[in-house]
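Trainee: There's a structure below that I have some questions on.
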Amino acid sequence: MQQILESLLVIIILVFVALLILVMFLFLKKTVAKINQQSRDFFIDKLQAYDQLLFEREEKLKGLKSDIEEQQKILDEGKGNNNTDSSIYLFDQRNIDYQDEAIFKKMKEVDQRFNIDTVKLVKRFVKEHFQDDTVLEYNKYNSVRKEFDQKMMFKLISLRPTEQEKEVKRILGDCAYIVDEYKKKTKATTFEVKKFISYFDKIIDKVDPYIYVYVGSNRENYDSVDEFVRTKVDTNIFRGISIVYRGKLYDYSLK
């Protein structure tokens with residue numbers, strides 16, 4: 001009797017498992033069908049949008065073709081006129097969105113004002129301003145500054161202020177006196193490594209012997225003017241150049 005009950009229990013379990021598998025199969029089938037339908041709808045919507053875009057482009061091309069034919073007709077009619085000046089071009093003013101004479105006047109003034117020989121300008125700047133008396137000092141500071149990379153900064157920030165100061169002085173070595181100068185000038189009661197690095201960077205900028213010429217395009221380069229000239233791109237510059245030397249800006253640009 002016990003064996004019969006066990007067999008019956010096994011059969012019931014198998015039937016339950018089979019039903020469960022069937023239900024899962026039907027559910028997955030329904031889900032896949034729904035996803036397929038959504039994919040088709042999405043694809044159809046995209047095709048409709050693309051067709052609409054093509055239709056609009058085609059209409060614009062037809063309009064442009066009509067304008068071109070009209071302009072060509074005007075030009076053909078003008079060929080028979082002996083008084084026609086070949087230097088005069090005809091424009092269809094209906095296609096001009098706006099006309100502002102002030103803009104063209106301003107652009108002309110900009111061209112006249114910034115029509116300068118930038119190479120001569122950089123050469124003159126080097127001649128009048130460059131000093132090489134801080135090269136050794138800059139190299140020493142810059143070499144130490146490289147020790148404060150992202151990994152080291154993360155380590156220092158995790159320390160207590162007193163430990164930060166002690167570790168920074170150890171890294172600076174012969175330049176440890178800068179920490180004392182920083183504390184004296186800022187009158188900081190608590191050492192913060194981030195603020196110190198910002199202070200240190202300003203010191204480096206003041207002794208930096210390199211002349212940085214900022215230009216608006218990477219097609220311009222003034223590195224060949226002098227070994228201490230470095231060209232950098234500033235996409236905000238529209239015309240002219242900007243020069244940064246020892247933390248000071250000499251602006252000859254329009255932004």
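Trainee: Which pairs break 20 Å Cα to Cα here: K123/K248; K187/K248; K166/K195; K155/K195; K195/K255?
Mentor: On the way: K123/K248 18 Å; K187/K248 25 Å; K166/K195 15 Å; K155/K195 15 Å; K195/K255 31 Å.
Correct reply: K187/K248; K195/K255.
Trainee: Find the accessible area per residue for the range 117-255; the probe is 1.4 Å, ligands and nucleic acids are left out, and the unit is Å².
Mentor: I get 65 Å² per residue for this part.
Trainee: How much solvent-accessible surface does L159 expose, in Å² to the nearest 10, with a 1.4 Å probe and all protein chains in place?
Mentor: Roughly 50 Å² of L159 is accessible to a 1.4 Å probe.
Trainee: Report T31's accessible area, 1.4 Å probe, all protein chains in place, as a number in Å² to the nearest 10.
Mentor: Counting only protein heavy atoms, T31 exposes about 50 Å² to solvent.
Trainee: Top to bottom by accessible area (1.4 Å), largest first, where do F27, F55 land?
Mentor: Largest accessible area first, the residues go F27, F55.
Trainee: So, one more: Just to confirm the filter: which GluC sites (Glu not before Pro) across the range 115-181 are DSSP coil and have at most 15 other Cβ within 10 angstrom of their Cβ?
Mentor: E147
Trainee: Can you pull the one-decimal nm distance between simple spin-label points at S224 and K120, each 7 Å off the Cα toward Cβ?
Mentor: 1.9 nm
Trainee: Taking a spot 7 Å from the Cα of V135 along the direction of its beta carbon, which residues of the range 229-255 have an amide N less than 13 Å from it?
Mentor: 229
Trainee: Restricting attention to the alpha-carbon atoms of the range 115-201, what are Rg (one decimal) and Dmax (integer), both in Å?
Mentor: That works out to 17.8, 56 Å for Rg and Dmax.
Trainee: Quote to one decimal, in nm, the extra length available between K255 and Y210 on full extension: 0.36 nm per residue of separation minus the C-alpha distance between them.
Mentor: Taking K255 through Y210 to full extension adds about 13.9 nm, to one decimal.
The values are calculated or read from the model by the stated rules, or taken from the named source; none is laboratory data. Computed from a predicted structure; not experimentally measured. Neighbour counts run over all protein chains shown; Cβ positions are idealised from the backbone, glycine included. These area figures cover heavy atoms from the full protein model, side chains too; ligands, DNA and RNA do not enter into them. Shrake-Rupley method; radii C 1.70, N 1.55, O 1.52, S 1.80 Å.
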